[in-house]
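Heads up, the thing below is written out as structure tokens.
The values are calculated or read from the model by the stated rules, or taken from the named source; none is laboratory data. Given the structure is predicted, the values throughout are model-derived calculations rather than measurements. Neighbour counts are summed over all protein chains in view; Cβ atoms, including those assigned to glycine, are modelled from backbone coordinates with ideal geometry.
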Amino acid sequence: MIPAAFDYEAPNTIDEAVRALAEADDEVKILAGGQSLLPVLRMRLAAPAKLIDLGRIGELQGVRTDGDMLVIGAMTSHYDVQRDPLLNEHAKLLVMATDTVADPQVRHRGTFGGSLAHADPAGDLLAPALALDVEMVIAGPRGRRTVPAAEFFVDYFTTAVGEDELLCEIRVPKYTGWHAHYEKFNRVAQAWSIVGVAAAVRPDGHMIAEARVGLTNMASVPVRARGVEQALVGQEATPEAIRAAAEHALDGTSPTADGNADVAYREHLAKVLTSRAVSAAATS
Amino acid sequence: MTATADSHAGGEVGQARLRKEDARLIAGRTRWTDNMSLPGMMHMAILRSPLAHARINRIDASEARSMSGVEAVVTGADVADDQGSLPCAWPITEDMKSPNAPSLAVDEVNFAGEAVAVVVARSAAEAHDALEAIDVDYEDLPVVLDMSSAMTEGSDLVHPDLGTNASATWVFDSAEAGTGGSADEALAGAEVTIHRTFRQQRLIPAFMEPRSILVDPTGEQTTMWSATQVPHILRLMLAMTTGVDEHKIRVIAPDVGGGFGGKLQVTPEEVITFLVARKLGKPVKYTESRSESFTSAHHGRDQIQKLSLAADRNGTVTGLKVELLADMGAYLRLVTPGVPILGAFMFNAIYKIPAYHFSCTNVFTNKVPTDAYRGAGRPEATFAIERMMDELAAELGMDPLEVRERNWIKHDEFPYTTVSTLTYDSGNYEAATARARELFGYDALRAEQAERRRRGDTVQLGIGVSTFTEMCGLAPSRVLGALSYGAGGWEHGAVRMLPTGKVEVITGSSPHGQGHETAWSQIVADRLGVGFDDVEVLHGDTQSSHKGLDTYGSRSLTVGAMAVVQAADKVIAKARKIAAHMMECAEGDVEFSGGRFTVRGTDTSTSIQEIALAVFAAHDLPDGVEPSLDSEATFDPENFSFPHGTHLCATEVDTETGRVRLRSYVAVDDVGNVVNPMIVEGQVQGGLAQGIAQALFEEAVYDETGTLTSGTLADYLVPSAADLPSFTTDRTETPSTTNALGVKGVGEAGTIASTPAVVNSVVDAVRHMGVRDIEMPCTPMRVWRAIHGGAQ
Ligand SMILES: Cc1cc2nc3c(=O)[nH]c(=O)nc-3n(C[C@H](O)[C@H](O)[C@H](O)COP(=O)(O)OP(=O)(O)OC[C@H]3O[C@@H](n4cnc5c(N)ncnc54)[C@H](O)[C@@H]3O)c2cc1C
């Protein structure tokens, strides 16, 4: 299929990109890895007048430390996230979730920032980002602002990024020494999650000192399973304790039905997978 | 000019030769239709109906016509007089109802995806832009989607002019045919009866290369390149459908990237491109998108199968009754109505069933037409009977292999004429089963299964069995005639010795990934005693291979290669005559072996290459012998061939989530003699993946408006290597007695055998939890529901 005609611009800096966004009067779209946007254009489900390609902006690439935080450039590819030593050491949950995204071709093109900005509730990186309390740095005509993950995801495919703004960095607190697991449930290896559970725990001897749990595809936005987290804190990581905590997995969810799962099955999966994700994290 | 020295060592057949064609096919640096471009070529795009059933009140294309680059917009009304009705070659009954099937809808659309108008433009992008400017005024008509309700009194009709949604009902009864008793009587008097209804979900062939067509009308002949399995049938049908003379049409199937039956078709797109190019007098190319392919290329399977099996308490089957509903979709395409009939002969499978009744009603719905898809009729039949054998075993508390053995045809009973009238050539079910059992570790897995059940493990183990056979080598022409099929089942081949001793082989079968070039080279190299690399195989062009019936139904080797063998034998016979003349001896004294003709008992000899050169010079040929070493042959098989095998599948079912994991899979196939074991292995492995896909993953789903909701590869789940285990494959070899090569066919075996093996295994894993059946595909949600109750 062939997209409708569009104009194309590839700025070299964030400032240039912001200016290009401001100058565009017709509908404009940011192009990151194109792994979600191009199918939409090719199926002519959208026909923006202009694409602004972030691919040439060096500032948006790569992972660095900034004090207690890690900073991931929005255009860092899934492939680079998987192999980044800082993320592997301090934010393993993001790496493990990224390992489950699509296939090698898509992971070479698709980007971390693009996934968050796209905000597909079935996307695998949203729940880990939410669970880890990351912050999004958004650039726009009025300068930069920082939005916590809890306020970033607004609705299906909708985020706090305004029409004249772009997501430029993701700031991640260091979870050094935490254990993590991303439990993804899908039908074939390359598919999106039917349900996914992101779990990170800080062990203290046999006890769980702290826990972070996020759910994929259980609402129009990723869901933070605070009830589960609270039930885990101070508990020994026994199968019984974890299963009991997982009973809280549905707090704050509002799942929908599709061909792969109706609501009851999705809710059942959320509990089973929460228990499995926490167990795997706690025993890893 | 010197003749090539005889370099042939012999023994090509049986070797795992790397495939000649793979380098170009895998790299894609070849003549895929869409890779081709002609001077002045136009691009065509197709506007398709978004609605499943509607009247077309008006089409306004005025804006589209005025857009940049647009050469023409063509609607059904513009070609109504030329397009004819798309052919259906298989009127299964005399009173079969078949609607008029326009290539481009004229006043009504009958499925979402049906072609409504086309734009021809200088570029594909401009053609697609202009599609959006065409305004069609549709008036909704009632949509018929469900076969069972389509058959109820007072149902809305897909084609009101036909007065019914039933196209035809086809019946076979062994009591009437005199091949067995009455199934009804067997059921009435049976010690045990098993009744089940299975659903064969709708599948999409999902060939890798989308369909693509290029038509050049500028020469004396109109030439069509098409990504088709059937260039010869296509040429004939284009002539018959459009009225253009056959000798004015040339069809070329260049390299074709897969088909699985999905390109065994004469498509609306081919007819439209042909007509439009001729109308404009310019070359026109059309290549479909994946989404178009899913909503317009024919689908497969889609049957409801109601089975009743009668048996006695020791597991001997005494009768079988099969009642089918088969979804035709909106129109009858090339062999649509015949697909379930191909299955009619296979429900009795490898078993000696004394009484058999089969009936099938073909039903119209407002969906994409169905037609052949890998196995065509036989996977459906094999699935149903193999599921029933497992159910019988469970009912009687017997081992499923033991029940099968009690009923199957013993190896010393071949040839064996079945209750459904076919004569099986050869087989050894005992040997294949013993080998599969051993490779699988059957007894150890059964022990583990018992242990997991005892422990109440959340992951339960299931073992699935499929002992299958199928009929390959379509087909003896007289059998096709008896089934009212519109053509024969022969195949054509030719062999030409070139002056330098090289060989051109022409085959009427038309490969689209199978590896004919390699296998035919191996066969001809051995036959003529020339080198493997000295043979070139030409195919898929009605100009070079003027005659053929193409590739489907595992017929290429069993029928197509046999024609080539016969042509090669004619070359040898003629060369022998010339050799005798050259060596001044009697023809009867000439022996031929390894490419050399030798005077018996002497060391006087000459090579076939030397003879080829002598024939070219023609200076000294025997009287009355024409100066050529070319020959042709047409082979019509006496009978089908019947490959078989035993497949065993172990699955682990996660009872908490319903997820099925394939743990191990053993396939022991008997495909008769093997020409190239690597090609056989490839066919088996790919076939397994496709059959497993039906069991666990793939399903074409329509919503209540008749919109295909599994319209992309993100929703229609084709498994990849990551979703499948490493298969353990092996073979037994029981040569076919139907053809001189002793080959049986392997193109569909894996697909036919694996679906029931997997589903039997899943059901077996959770049978102790009260599950007796799980609808395909066995998705995690369905499996979980089956275990934990509640409506599926
Ligand atoms: C076959 C396939 C399988 C996939 N499977 C999975 C999977 O299993 N799990 C999963 O999570 N994802 C999956 N994806 C999606 C993949 O991860 C995408 O890469 C991701 O969703 C989008 O990232 P992108 O960089 O390609 O963004 P693009 O497609 O370029 O953009 C997506 C959207 O985000 C906007 N956008 C992008 N970057 C920015 C920015 N910096 N600021 C503001 N807006 C921006 C764009 O305008 C667009 O609307 C799959 C994709 C494919 C093609």
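Points to keep in mind about this one:
- The residues of segment A:181-209 that are in contact (Cβ under 8 Å) with a residue 60 or more places away in the chain and more than 14 Å from chain B (Cβ to nearest Cβ), listed by number, are A:H181, A:Y182, A:A198, A:A199, A:A200, A:V201, A:P203, A:I208.
- Total residues in segment A:136-180 satisfying the condition of being of a type in the set (D, E, K, R), part of a loop (DSSP other than H, G, I, E, B) and either more than 14 Å from the ligand (Cβ to nearest atom) or within 14 Å of chain B (Cβ to nearest Cβ) (or both): the figure is 2.
- Residue check, B:Q685 away from chain A (no Cβ under 13 Å), touching a residue at least 12 places away in the same chain (Cβ under 8 Å), in contact with a Phe, Trp or Tyr (Cβ under 7 Å, 6 or more places away or on another chain) and more than 16 Å from B:A432 (Cβ to Cβ): yes
- Test: B:A614 is without any contact (Cβ under 8 Å) to a residue 40 or more places away in the chain, more than 14 Å from chain A (Cβ to nearest Cβ) and buried (at least 20 other Cβ atoms within 10 Å of the Cβ): yes
- Test: A:M207 is within 13 Å of the ligand (Cβ to nearest atom) and not hydroxyl-bearing (S, T, Y): no
- Matching entry among A:E247, A:E229, A:E267 (being touching a Leu at 6+ places or on another chain (Cβ under 7 Å), modelled with pLDDT of 95 or more and either of a type outside the set (V, I, T) or not assigned by TED's automatic domain parsing to the domain that holds A:F153 (or both)): A:E267
- Within segment B:339-356, residues that are at positive phi sit with their Cβ atoms under 9 Å from residues that are β-branched (V, I, T), at 6+ positions apart or across chains, in these pairs: B:A349/B:T382; B:A349/B:I385; B:A349/B:T418; B:A349/B:T467; B:A349/B:T469.
- B:E405 satisfies every condition listed in (1) surrounded by fewer than 22 Cβ atoms within 10 Å (Cβ to Cβ); (2) in contact with a Phe, Trp or Tyr (Cβ under 7 Å, 6 or more places away or on another chain) except (2).
- Some residue of segment B:732-745 being assigned to a loop (DSSP other than H, G, I, E, B), of a type outside the set (G, A, S) and within 16 Å of the ligand (Cβ to nearest atom): no
- For segment B:688-716, filtered to residues that are in a loop (DSSP other than H, G, I, E, B) and away from chain A (no Cβ under 11 Å), the residue that is surrounded by the most Cβ atoms within 10 Å (Cβ to Cβ) is B:A700.
- Qualifying residue in segment B:644-660 (condition: modelled with pLDDT of 95 or more, of a type in the set (A, V, I, L, M, F, W, C) and in contact with an Asp or Glu (Cβ under 7 Å, 6 or more places away or on another chain)): no
- Any chance A:A119 is touching a residue at least 60 places away in the same chain (Cβ under 8 Å) and either more than 10 Å from the ligand (Cβ to nearest atom) or buried (at least 20 other Cβ atoms within 10 Å of the Cβ) (or both): yes
- Only residues that are touching a Phe, Trp or Tyr at 6+ places or on another chain (Cβ under 8 Å) and among the small types (G, A, S) were counted in segment B:561-579, giving 4.
- Any hit, segment B:507-526, residues being in contact (Cβ under 8 Å) with a residue 12 or more places away in the chain, assigned to a strand (DSSP E or B) and either in contact with a helix residue (DSSP H, G or I) (Cβ under 7 Å, 6 or more places away or on another chain) or surrounded by 24 or more Cβ atoms within 10 Å (Cβ to Cβ) (or both): yes
- Of all residues in segment B:130-157 being in contact with a strand residue (DSSP E or B) (Cβ under 8 Å, 6 or more places away or on another chain) and in a helix (DSSP H, G or I), the one that is nearest to the other protein chains (Cβ to nearest Cβ): B:L131
- Residue match in segment B:455-464 (condition: more than 30 Å from B:E626 (Cα to Cα) and under 29 Å from the mean Cα position of the chain (by Cα)): yes
- Filtered residue count, segment B:306-317, keeping only those that are touching a strand residue (DSSP E or B) at 6+ places or on another chain (Cβ under 7 Å), of a type outside the set (K, R) and surrounded by fewer than 24 Cβ atoms within 10 Å (Cβ to Cβ): 3
- Residue list for segment A:29-53, restricted to those being part of a loop (DSSP other than H, G, I, E, B), surrounded by fewer than 20 Cβ atoms within 10 Å (Cβ to Cβ) and more than 6 Å from the ligand (Cβ to nearest atom): A:M43, A:R44, A:L45, A:A46, A:A47, A:A49
- Evaluated against (1) farther than 30 Å from B:G427 by Cα; (2) of a type outside the set (K, R); (3) in contact (Cβ under 8 Å) with a residue 12 or more places away in the chain; (4) within 14 Å of chain A (Cβ to nearest Cβ), B:S720 falls short on exactly one condition, (3).
- Residue count for segment B:147-162 under the criterion of being in contact (Cβ under 8 Å) with a residue 60 or more places away in the chain and surrounded by fewer than 16 Cβ atoms within 10 Å (Cβ to Cβ): the result is 4.
- Residue list for segment A:54-78, restricted to those being more than 8 Å from the ligand (Cβ to nearest atom) and either of a type in the set (A, V, I, L, M) or over 29 Å from A:E89 (Cα atoms) (or both): A:I57, A:V63, A:M69, A:L70, A:V71, A:I72
- Within segment A:98-111, tally of residues that are near the ligand (Cβ under 8 Å from one of its atoms) and under 17 Å from A:V63 (Cα atoms): 4
- Of the candidates B:S291, B:S296, B:S212, the single residue that is in contact with a helix residue (DSSP H, G or I) (Cβ under 7 Å, 6 or more places away or on another chain), of a type in the set (G, A, S) and closer than 26 Å to B:R122 by Cβ is B:S212.
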